[in-house]
Each structure stands twice: as structure tokens, then as C-alpha cells.
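A.B. asks: Quick one: the structure is below, questions incoming.
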Amino acid sequence: MADSSDSVSIDMESIPFAGKEHIIKTGHGSVSVAVFGDQDKPALITYPDLALNYMSCFQGLFFCPEAFSLLLHNFCIYHISPPGHELGADVAGLDEPSLTVDELADQIAEILDYFGLGSVMCLGVTAGAYILTLFALKHSRRVMGLILVSPLCKSPSWTEWLCNKVMSNLLYICGMCGIVKELLLMRYFSKGVRGGVDVPESDIVQSCRRLLCERQSPNVLRFLEAINGRLDISNRLRKLQCRSLIFVGENSPFHYEALHMTSKLDRRFSALVEVQACGSMVTEEQPDAMLIPLEYFLMGYGLFRPSHLSVSPRSPLSPTSIISPELFSPESMGLKLKPIKTRIPGQV
């Protein structure tokens with residue numbers, strides 16, 4: 001672990017499910033990492049989507065009791081926030097250079113070095129999924145698996161590029177104004193939870209809207225410009241040496257991109273889960289839909305949910321379940337889980 005002079009620790013006990021936040025100095029600026037759990041356990045690192053941090057991107061998943069017990073039993077969680085996206089972040093100085101997606105990926109390697117971590121499991125959403133995939137391509141020996149939610153792998157389409165440019169201009173001129181928030185919420189959530197004239201906005205959208213108000217506009221702009229300048233990494237995906245599990249909402253603006261990414265991965269070691277009636281941020285909108293695929297995926301690593309905790313009868317890791325030995329084989333991943341359609345009762 002790096003010397004204590006390289007970071008500042010902030011106690012976050014007042015925040016539910018919070019651990020210890022570390023502000024780590026890297027060669028490309030400082031990064032906030034919130035650590036949850038026993039650091040002797042294997043590491044799971046997370047990276048959120050644009051304008052989000054772990055509180056606004058992964059809270060739904062970790063507030064799901066079954067997922068919480070599965071992940072916290074097996075991992076120590078390291079929530080990485082994009083530079084300047086942590087709670088209480090200062091505005092980036094004018095002298096600080098804008099970072100590229102490659103530099104953001106390189107920051108992750110320095111974070112792992114700081115904590116003395118070797119190979120890690122990765123969980124990323126959309127822009128964060130791209131950063132983690134790029135990290136896996138550049139540092140293949142340091143990634144044991146990828147869990148990607150509505151991921152990106154191509155350069156921006158003209159539609160996305162134009163939308164991002166509109167947001168960039170608004171962020172620069174008006175800050176985190178109402179139009180920017182609406183564009184971001186359309187990026188994250190399906191129309192069903194965003195509400196309309198006759199349907200009220202859901203609690204998760206209202207909560208996300210409030211959290212967006214806390215972001216520093218110049219910091220969001222820097223991350224947006226980095227992700228809008230990304231390159232197509234589709235042809236490099238076959239080189240990935242780890243298993244991959246992809247979730248995507250059928251109403252996500254990036255649904256086609258997730259399907260394209262799946263087609264480029266080695267089918268023996270990848271799986272796709274399409275979640276019906278859901279937008280991009282499955283971790284918030286329908287976290288329950290992630291549980292069973294996550295359990296099957298983690299079984300391939302010998303990981304399990306503790307039997308002394310309450311488990312759902314539908315859980316494949318319930319002590320009373322009968323597990324096919326074939327599911328432990330890496331070669332079975334593409335056949336058993338690609339594709340899976342899920343539907344959560346009462347949400348459609």
C-alpha cells in the first residue's frame with residue numbers, strides 16, 4: 001500500500017452503507033475511492049456512468065438484500081468515482097488538463113497499486129463500463145472478470161455525439177440546468193419510470209435528479225468530453241482474457257451497442273442478459289433482475305452466497321437448489337446465459 005501521505009481518508013459513517021473514502025493521488029490527478037468490507041477478501045471495483053457516483057449509480061443494487069449479501073460476502077468493494085464526481089468535490093482547476101479515456105483507465109491501475117490489489121472483478125455502467133473494458137484490454141492480468149451494464153464499445157454514433165455536444169455546451173454556459181438533467185435521465189432510465197403527464201416520476205428518478213444537482217458542472221463536462229472522444233475498441237474485444245457478463249435494458253439508448261459488443265466477445269466466455277421494460281441503469285431501475293445471472297456468473301469463480309442468510313427460493317445458490325456441474329465450466333457461459341430475457345412482476 002502506498003504511503004499515507006499519498007492520500008486523504010474521510011470518514012463517511014453518516015452515509016448508509018458507507019465505508020472509508022480515500023482520495024488517491026495518481027499521475028493523472030486525484031481520484032476518490034470508497035471502500036466497503038474486508039480488504040482481505042477479493043476486490044470488486046465499480047465505475048459509474050456519466051455525472052454519477054456510487055451513491056447514484058449502485059445504491060439500488062447494494063440496497064437489494066440478496067445482492068448485498070452475495071457481493072459483500074465474497075468481495076471487498078472499491079467504488080471508484082470519475083474525477084470530481086465524489087460527494088463534496090471541488091471544481092477542477094483551470095490549469096488541470098482534461099483527461100482521455102486511456103488516462104482514466106490508467107488511473108485504475110494506480111489505484112490498484114495503492115491498495116496492493118492484484119486481479120480484480122470489475123462492475124461498470126455505460127461510460128464506466130467502457131473505462132473498465134479499456135482497462136481490461138490494457139491490463140489483462142489484473143482483471144478476473146467483467147460485469148458490464150449497458151456498455152459502450154464503439155465510438156459515438158452521430159446521434160450520441162450530437163446529444164453529448166448539446167450537453168457540453170449547456171454545461172459550459174448554464175451549468176447543470178434542467179435540460180441537461182432531462183437528457184441525462186433519458187440516458188439512464190426508461191420512459192416508464194421517468195413518468196409523464198398522467199404518471200408521476202418514480203422515486204429512483206426523483207432521487208437521481210436531486211443527486212445530479214450536487215455535481216460540479218465543469219467536472220461533469222470534463223468526463224463527458226473524455227467519453228465523447230472515445231475510440232472504437234470492438235475489434236480488440238476478442239483479446240479479452242476474462243469472462244464477461246453483460247446486462248442491458250431493452251429500452252436503453254445503448255441497447256444495440258450492447259448487442260454489438262456481445263457479438264464481438266468470445267461466446268465461450270461471455271453472456272448477455274436483456275432486461276425487459278428497463279433503461280440503461282439496470283443497477284437502479286431493476287436490480288433484482290441482476291441477482292440470478294450474477295450468482296451463476298460468480299459460481300464459475302467458486303464464489304457463493306452464505307447459507308445462513310435469508311435466500312430466495314428462486315436463488316440458484318440457495319442451499320436447497322440443485323446445481324448442474326456443467327454451470328461451473330467456463331465453456332458453458334455463452335450457452336447457459338446468452339441471451340436471457342427477464343421481467344420483474346409489477347414493474348411492466
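The values are calculated or read from the model by the stated rules, or taken from the named source; none is laboratory data. This structure is a prediction, so every number in the text was calculated from the model and none was measured. Here Cβ is always computed from backbone atoms with ideal geometry, including for glycine, and neighbour counts include all displayed protein chains. Areas reflect the complete protein model, heavy atoms only, side chains present, ligands, DNA and RNA absent. Shrake-Rupley method; radii C 1.70, N 1.55, O 1.52, S 1.80 Å.
A.B. asks: Pairs please, first residue from segment 97-117 and within 18 Å of Lys20 (Cα to Cα), second anywhere and in a loop (DSSP other than H, G, I, E, B), Cβ atoms under 6 Å, 6+ apart in sequence or on different chains.
C.D. replies: If the second residue must be in a loop (DSSP other than H, G, I, E, B), the pairs left are Tyr114/Ala2; Gly116/Met1.
A.B. asks: Same structure again: Within segment 140-157, restricting attention to residues that are more than 18 Å from the chain's Cα centre (by Cα) and not in a helix (DSSP H, G or I), which residue is modelled with the lowest pLDDT? Give the derivation first.
C.D. replies: Going residue by residue through segment 140-157, those that are more than 18 Å from the chain's Cα centre (by Cα) are 140-141, 155-157.
This time we only want the ones that are not in a helix (DSSP H, G or I), so: 155-157.
Values: Ser155: 97, Pro156: 97, Ser157: 94.
Only one residue fits best here, namely Ser157.
A.B. asks: Report, by residue number, each residue of segment 173-182 that is assigned to a helix (DSSP H, G or I) and either open to solvent by less than 50 Å² (accessible area, probe 1.4 Å) or farther than 16 Å from Glu214 by Cα (or both). Reasoning before the result, please.
C.D. replies: Let us first name the residues in segment 173-182 that are assigned to a helix (DSSP H, G or I), namely 173, 178-182.
Answer for segment 173-182, where residues must be assigned to a helix (DSSP H, G or I) and either open to solvent by less than 50 Å² (accessible area, probe 1.4 Å) or farther than 16 Å from Glu214 by Cα (or both): Ile173, Gly178, Val180, Lys181.
A.B. asks: For a quick check of your reading of the model, give me the residue pairs whose first member lies in segment 120-146 and is free of Cβ contacts under 8 Å to residues at least 40 places away in the same chain, whose second is assigned to a strand (DSSP E or B) and of a type outside the set (Asp, Glu), with beta-carbon atoms closer than 8 Å and at least 6 apart or on different chains.
C.D. replies: Phe135/Cys122; Phe135/Val143; Arg142/Val120
A.B. asks: Considering each of Glu182, Glu160, Glu201 in turn, give the residue that is of a type in the set (Asp, Glu) and modelled with pLDDT under 95. Can you show your working first?
C.D. replies: On the way: Glu182 fails: modelled with pLDDT under 95; Glu160 fails: modelled with pLDDT under 95.
Going through Glu182, Glu160, Glu201 in turn, the sole match is Glu201.
A.B. asks: Within segment 274-288, can you find the residues that are open to solvent by 10 Å² or more (accessible area, probe 1.4 Å) and either in a helix (DSSP H, G or I) or free of Cβ contacts under 8 Å to residues at least 60 places away in the same chain (or both)? It would help to see each step written out before you state the result.
C.D. replies: Filtering segment 274-288 down to residues open to solvent by 10 Å² or more (accessible area, probe 1.4 Å) leaves 274, 276-277, 284-285, 287-288.
Within segment 274-288, Glu284, Glu285, Pro287, Asp288 qualify.
A.B. asks: Taking the criterion of being within 19 Å of Phe58 (Cα to Cα), open to solvent by 20 Å² or more (accessible area, probe 1.4 Å) and either free of Cβ contacts under 8 Å to residues at least 40 places away in the same chain or in a strand (DSSP E or B) (or both), would at least one residue in segment 257-271 satisfy it?
C.D. replies: The answer is no, given that none of the residues of segment 257-271 is within 19 Å of Phe58 (Cα to Cα), open to solvent by 20 Å² or more (accessible area, probe 1.4 Å) and either free of Cβ contacts under 8 Å to residues at least 40 places away in the same chain or in a strand (DSSP E or B) (or both).
A.B. asks: Also: If I ask for residues that are surrounded by fewer than 20 Cβ atoms within 10 Å (Cβ to Cβ), of a type in the set (A, V, I, L, M) and outside any loop (DSSP other than H, G, I, E, B), which ones from segment 87-110 would you list?
C.D. replies: Within segment 87-110, just Ala109 meets the criteria.
A.B. asks: State whether one or more residues within segment 158-172 are touching a His at 6+ places or on another chain (Cβ under 9 Å) and aromatic (Phe, Trp, Tyr). Steps first, please.
C.D. replies: Applying the first criterion (touching a His at 6+ places or on another chain (Cβ under 9 Å)) to segment 158-172 yields none.
No, there is no match, as no residue in segment 158-172 is touching a His at 6+ places or on another chain (Cβ under 9 Å) and aromatic (Phe, Trp, Tyr).
A.B. asks: Within segment 20-56, take every residue that is part of a helix (DSSP H, G or I) and out of contact with any helix residue (DSSP H, G or I) (no Cβ under 6 Å at 6 or more places or on another chain) and give me the one that is surrounded by the most Cβ atoms within 10 Å (Cβ to Cβ). Please lay out each step first, then the result.
C.D. replies: Narrowing segment 20-56 to residues part of a helix (DSSP H, G or I): 54-56.
Next, from what is left, pick out any that are out of contact with any helix residue (DSSP H, G or I) (no Cβ under 6 Å at 6 or more places or on another chain): 54-55.
Numbers: Tyr54: 28, Met55: 22.
Selected residue: Tyr54.
A.B. asks: Given the conditions (1) open to solvent by less than 20 Å² (accessible area, probe 1.4 Å); (2) at pLDDT below 95; (3) farther than 23 Å from Gly279 by Cα, which single one is not true for Ala67?
C.D. replies: Result: Ala67 passes all but (3).
A.B. asks: Let me ask another. Look at Asp232 and say whether it is surrounded by fewer than 22 Cβ atoms within 10 Å (Cβ to Cβ), of a type in the set (D, E, K, R) and over 23 Å from Leu152 (Cα atoms). Quick ask: steps written out before the conclusion?
C.D. replies: Values: surrounded by fewer than 22 Cβ atoms within 10 Å (Cβ to Cβ): yes; of a type in the set (D, E, K, R): yes; over 23 Å from Leu152 (Cα atoms): no.
Judged against the criteria, Asp232 is not a match.
A.B. asks: Just one of (1) outside any helix (DSSP H, G or I); (2) under 20 Å from Ser32 (Cα atoms) trips up Ala129, so point out which.
C.D. replies: Ala129 satisfies every listed condition except (1).
A.B. asks: Which of the residues belonging to segment 183-203 are touching a Lys or Arg at 6+ places or on another chain (Cβ under 9 Å), assigned to a helix (DSSP H, G or I) and surrounded by fewer than 18 Cβ atoms within 10 Å (Cβ to Cβ)?
C.D. replies: Answer for segment 183-203, where residues must be touching a Lys or Arg at 6+ places or on another chain (Cβ under 9 Å), assigned to a helix (DSSP H, G or I) and surrounded by fewer than 18 Cβ atoms within 10 Å (Cβ to Cβ): just Met186.
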